[in-house]
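J.: Questions regarding the structure given below will be posed in turn.
The values are calculated or read from the model by the stated rules, or taken from the named source; none is laboratory data. Bear in mind the structure is a predicted one, so any value in this text is a computation, not a measurement. Positions of Cβ are backbone-derived with ideal geometry, glycine not excepted, and every protein chain shown enters the neighbour counts.
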Amino acid sequence: MFAELGFYTLAGAPQTSRAMLDEIRQAEQLGLGTAFISERFNIKEAATLSGAAAAVSSTITIATAATNHTTRHPIVTAAWASTMHNISGGRFSLGIGRGIDLMFNAFGIPLATTASMESFAGLMRQLWRGETVFNYSDITGSYPVLRLDPSFDLDIPLTLTAFGPNTLELGGRCFDNVVLHTFFNDDTTSRAVTTVKRAAEQAGRDPSTVKVWSCFATIGDHIDPALRLKKTVGRLATYLQAYGDLMVRTNNWDPDVLKRFRQDDFVSTFQGAIDANASTQDLERISPLIPEQWLASSATGSPQNCVAAIRRQRELGCDGVILHGATPTELQPIIDAYAM
């Protein structure tokens with residue numbers, strides 16, 4: 001019903017992966033077009049979740065946004081995608097992203113580069129066309145021969161989560177969907193869409209075939225206040241922990257505010273991700289450190305106010321809007337208002 005709308009299943013830090021099964025069913029009943037699956041190295045391994053999502057659904061698109069191409073052998077990733085394409089009846093999109101520097105360095109996993117992601121995208125398309133690829137090498141290793149099935153001629157969409165201009169341009173050149181980051185302000189969102197579409201055109205592609213998704217925090221007032229605090233202040237604080245400089249630079253925010261946030265005694269000594277581990281009292285302590293302007297790029301308030309904010313993302317040029325940070329149950333009043 002609403003192909004232009006999506007959601008992230010298992011948003012935040014779920015207690016059990018099994019919650020996804022009911023979320024997918026309900027999202028499909030609400031008419032959401034795409035279920036996006038993020039990956040964390042705990043109970044959110046993307047290949048397992050995507051298979052389970054296909055098993056309990058029949059119409060919704062399933063997209064990883066994102067896994068990382070450096071965490072699996074390329075033939076394993078290619079086979080996962082072809083299997084998902086087959087078992088879902090063509091409803092799967094393989095989505096990749098750069099990853100988080102601190103975590104990947106600690107785990108000894110190679111960090112993706114723009115060039116490596118572009119090479120990987122080309123490799124996947126070759127393998128899905130049934131080609132045999134000889135002597136392929138990238139930052140993950142060297143592979144004498146790579147092949148799936150010579151009878152293949154599969155059209156599997158590729159999705160890229162993008163932040164900076166180089167990755168946005170890559171999305172326009174080589175990918176079918178580009179997912180923007182949460183808490184992009186209007187200027188940043190508009191600029192990102194323009195960058196993707198222009199890069200597609202320069203690569204000889206039809207820009208309309210590259211779908212740009214806004215990842216838009218959608219936290220209505222019908223949600224419990226403590227949970228709203230976690231989904232807004234907690235989530236943005238976690239982004240600032242992980243890659244605050246990039247967030248500030250991309251949105252043209254004041255770097256001195258980020259400096260004060262990082263130097264705060266509580267924040268600087270906090271162990272783990274704030275959105276996963278902070279109590280309500282902790283978040284109330286952190287809240288004054290984050291300007292309202294930084295949180296304003298989201299859908300908040302009444303369902304009608306949320307719908308107006310969602311429609312604004314479309315006006316900025318986004319082809320789709322991911323209603324981020326909320327379960328289908330939490331989204332239902334907003335979807336009901338959107339349908340009016």
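J.: Within the range 302-323, track down each residue that is more than 25 Å from Pro207 (Cα to Cα) and surrounded by 15 or more Cβ atoms within 10 Å (Cβ to Cβ).
T.: Once the filter is applied, which keeps residues that are more than 25 Å from Pro207 (Cα to Cα) and surrounded by 15 or more Cβ atoms within 10 Å (Cβ to Cβ), the range 302-323 yields Pro303, Asn305, Cys306, Val307.
J.: Next question, about the same structure. How many residues does the range 141-168 hold that are buried (at least 21 other Cβ atoms within 10 Å of the Cβ) and assigned to a helix (DSSP H, G or I)?
T.: Result for the range 141-168: 2.
J.: Which of the following residues is at pLDDT 95 or above, under 26 Å from Gly301 (Cα atoms) and among the β-branched types (Val, Ile, Thr): Thr209, Thr195, Thr188? Quick ask: steps written out before the conclusion?
T.: Values: Thr209 fails: under 26 Å from Gly301 (Cα atoms); Thr195 fails: under 26 Å from Gly301 (Cα atoms).
Just one listed residue meets the conditions, Thr188.
J.: Could you tell me whether Leu21 is buried (at least 19 other Cβ atoms within 10 Å of the Cβ) and farther than 21 Å from Leu227 by Cα?
T.: It is false that Leu21 is buried (at least 19 other Cβ atoms within 10 Å of the Cβ) and farther than 21 Å from Leu227 by Cα.
J.: Give the range 194-212 a look and list any residue that's touching a residue at least 60 places away in the same chain (Cβ under 8 Å) and either among the charged types (D, E, K, R) or surrounded by fewer than 24 Cβ atoms within 10 Å (Cβ to Cβ) (or both), or say none.
T.: Thr194, Lys197, Lys211
J.: Any residue at all in the range 116-132 that's surrounded by 14 or more Cβ atoms within 10 Å (Cβ to Cβ) and of a type in the set (Val, Ile, Thr)?
T.: Among the residues of the range 116-132, not one is surrounded by 14 or more Cβ atoms within 10 Å (Cβ to Cβ) and of a type in the set (Val, Ile, Thr), which makes the answer no.
J.: Ok, one more. Hey, can you tell me all the residues within the range 163-193 that are among the acidic types (Asp, Glu) and touching a residue at least 60 places away in the same chain (Cβ under 8 Å)?
T.: Asp176, Asp186, Asp187
J.: Next up: State all residues of the range 24-81 that are within 19 Å of the chain's Cα centre (by Cα), among the β-branched types (Val, Ile, Thr) and outside any strand (DSSP E or B); if no residue qualifies, say none.
T.: Ile24, Ile43, Thr48, Ile60, Thr70, Thr71, Thr77
J.: Something else now. With the requirement that a residue be touching a helix residue (DSSP H, G or I) at 6+ places or on another chain (Cβ under 6 Å) and in a helix (DSSP H, G or I), what does the range 304-340 give you?
T.: Gln304, Cys306, Val307, Pro328, Pro333, Ile334, Ile335, Ala337, Tyr338
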